[in-house]
Amino acid sequence: MNWLSDLNKIETTFAPILEQWYLIHKRDLPWRHTRDPYRIWLSEVILQQTRVAQGKPYYERFVNTYATIADLANADERELLRLWQGLGYYSRARNLHQTARYVTLQLDGKFPDTYQDLLKMKGIGTYTAAAIASFAFGERVPVVDGNVYRVLARVFGINEDITTTNAKKIFAALAMRLIQSANDPATYNQAIMEFGAIHCTPVAPDCLLCPIQQACVAYLTGRQHQLPVKSKKAPVRERYFSYLVFRQHGKIALRERIARDVWQNLHDFYLLETEDQKEALQGLPLPEEIGNVVQNSVVADSPAESVQLLSHQRIRARFYLIDVPEGLIDSLPTDLHWYTSEEISHLPKPVLITNYLENLFG
DNA sequence: AATGCGGGGAG
DNA sequence: CTCCCAGCATT
């Protein structure tokens, strides 16, 4: 059958075509100049769900601060989180630290060097394991990330919803067949992601200059903009935060967030969350533990609302600056700690908090 | 199989 | 505004 031979042809020529395209069009990125598994791992974790432009300065700071995995293993976790601040998905930083310690202490500093062993590390899933295995060790295992889903869905006309388990199996199997024809697995893996990132882009793919245009099912059927199929995500949760910013002698009270919630292990102020919008301190249900203090303190702020948009929540926050009189400090909750502005600058904090403090301190 | 987890840039 | 980014862990 004709269609069968055509399909086989594109399956075997796909990888070499992309590899050739890559050699001409690739960007010069810092992690492409090393085969050190530590640096490759670092770059891959930073780039999880993160654009190259956003992650690049963080990568530079991390390799400068922690030159080796042993340095990272010995790092203070708070300092590490401070360096990660602003990048989001903070569990990545904690998992990074945990794996650095495991490799340094339990594996005698020898980074796992196969896909299967890499998968066992905290924070390393199928994508990152494939990336490290191929980039650092040349293993012939395909990366499947958001770029790959998009490129393969279009070229091969796959309509499966990419958020489903079935789709993951289909794409993984196809990717495994395709990489068999690559001249070099590492180059091919870089190539397909780079191709998705700068050529076969989500909104405006450059089909007119595409090297596989005549083999692309989406192009030939005019469905570039329908593929890949991705089901709707859950609606954004609305949350209302009222922060009580206790201040005394220029120090401010913060505490570490420990609940299973956004910004775990980062620092913020005393927080009252309500089910609906509260526009003034008077409307807040003040708990016993702070009621006395607030009643007898000077409230300096009549705060405007600041909004922090996450991908899954919209947090509307108001900050009430509260000058605590002498003697009342002992009646505040014990998990609050007092810091100077200098000390606060070293604490890892959400962007919402950092922005407020910049406003406060100038 | 579903859900939660940040922040920012592009269009 | 919407989409989605070199995903992963947990339940």
How far is helix A:185-198 tilted off the main Cα axis of chain A, in degrees rounded to 10, range 0 to 90?
60
Using alpha-carbon pairs under 8 Å, 6+ residues apart, how would you state the relative contact order of chain A in percent?
17
If you build a Gaussian network model of chain A, linking Cα atoms that sit under 10 Å apart, which residue out of A:ALA131, A:ALA186, A:ALA253 swings the most?
A:ALA253
Expressed as an acute angle from 0 to 90° and rounded to the nearest 10, what is the orientation of the C-alpha long axis of helix A:91-101 relative to the principal long axis of chain A?
80
With springs only between Cα atoms under 10 Å apart, run a GNM on chain A and tell me which of A:LEU118, A:LEU29, A:LEU105 wobbles the most.
A:LEU29
By per-residue mean of other Cβ atoms within 10 Å, what is the highest-first order of A:144-154, A:55-65, A:40-50?
A:144-154, A:40-50, A:55-65
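Could you give the accessible area per residue of the stretch A:34-111, probe 1.4 Å, as a whole number in Å²? Write down the numbers at each step before the final one.
Working: 3790 Å² over 78 residues.
Computed with neighbouring chains in place, this is 49 Å² per residue.
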Compute the angle between helix A:146-155 and the longest alpha-carbon principal axis of chain A, please, reported from 0 to 90 degrees and rounded to the nearest 10.
30
Sequence-separation-based contact order of the stretch A:237-361, relative, with Cα cut under 8 Å and 6+ spacing, percent
36
Could you give the C-alpha radius of gyration of chain A expressed as a fraction of 2.2 N^0.38 Å, taking N as the number of residues it contains?
1.22
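What is the calculated FRET efficiency for A:HIS337 to A:ASP261, with r their C-beta to C-beta distance and R₀ = 22 Å, to the nearest 0.05?
Efficiency at R0 = 22 Å is approximately 0.70.
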Using a Gaussian network model on chain A with a 10 Å cutoff between Cα atoms, which of A:ALA317, A:ALA259, A:ALA75 fluctuates the most?
A:ALA259
Label model pair A:ARG223, A:SER345: point-to-point distance (7 angstrom along the Cα→beta-carbon line) in nm is 5.6
Note the full-extension length gain between A:THR274 and A:VAL203 as 0.36 nm times their separation in residues minus their Cα-Cα distance, in nm to one decimal.
21.7 nm
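Counting other Cβ atoms within 10 Å, which GluC sites (Glu not before Pro) in the stretch A:290-346 have at most 13 and lie in a DSSP loop?
Numbers: sites: A:GLU305, A:GLU326, A:GLU342, A:GLU343; in loops: A:GLU305, A:GLU326.
Here the sparse-neighbourhood loop sites are A:GLU305, A:GLU326.
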Virtual spin-label span in nm between A:ASN74 and A:ARG237, 7 Å along Cα→Cβ:
4.0
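Whenever you get a sec, compute what percent of the accessible area on the stretch A:34-111 sits on carbon and sulfur atoms (1.4 Å probe). Don't skip to the end; give the middle numbers.
On the way: 1690 of 3790 Å².
Percent of accessible area from carbon and sulfur atoms in the stretch A:34-111: 45.
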Give me the extension gain from A:LYS122 to A:ASN292: residue separation times 0.36 nm, minus the current Cα-Cα distance, reported in nm with one decimal.
56.7 nm
Any idea what the relative contact order of the stretch A:14-170 is, in percent, if you count C-alpha pairs under 8 Å spaced at least 6 apart?
19
Within straight-line cross-link reach of A:LYS168, lysines at Cα separation under 29 Å, skipping those fewer than 8 residues along the same chain
A:LYS9, A:LYS26, A:LYS56, A:LYS120, A:LYS122, A:LYS230, A:LYS232, A:LYS233
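The values are calculated or read from the model by the stated rules, or taken from the named source; none is laboratory data. Computed from a predicted structure; not experimentally measured. A quick note on method: Cβ atoms are made from the backbone with ideal geometry, for glycine too, and the neighbour counts reach across all protein chains shown. Ligands, DNA and RNA are stripped out before the accessible areas are found, and what is left, the full protein with its side chains, is counted by its heavy atoms. Shrake-Rupley method; radii C 1.70, N 1.55, O 1.52, S 1.80 Å.
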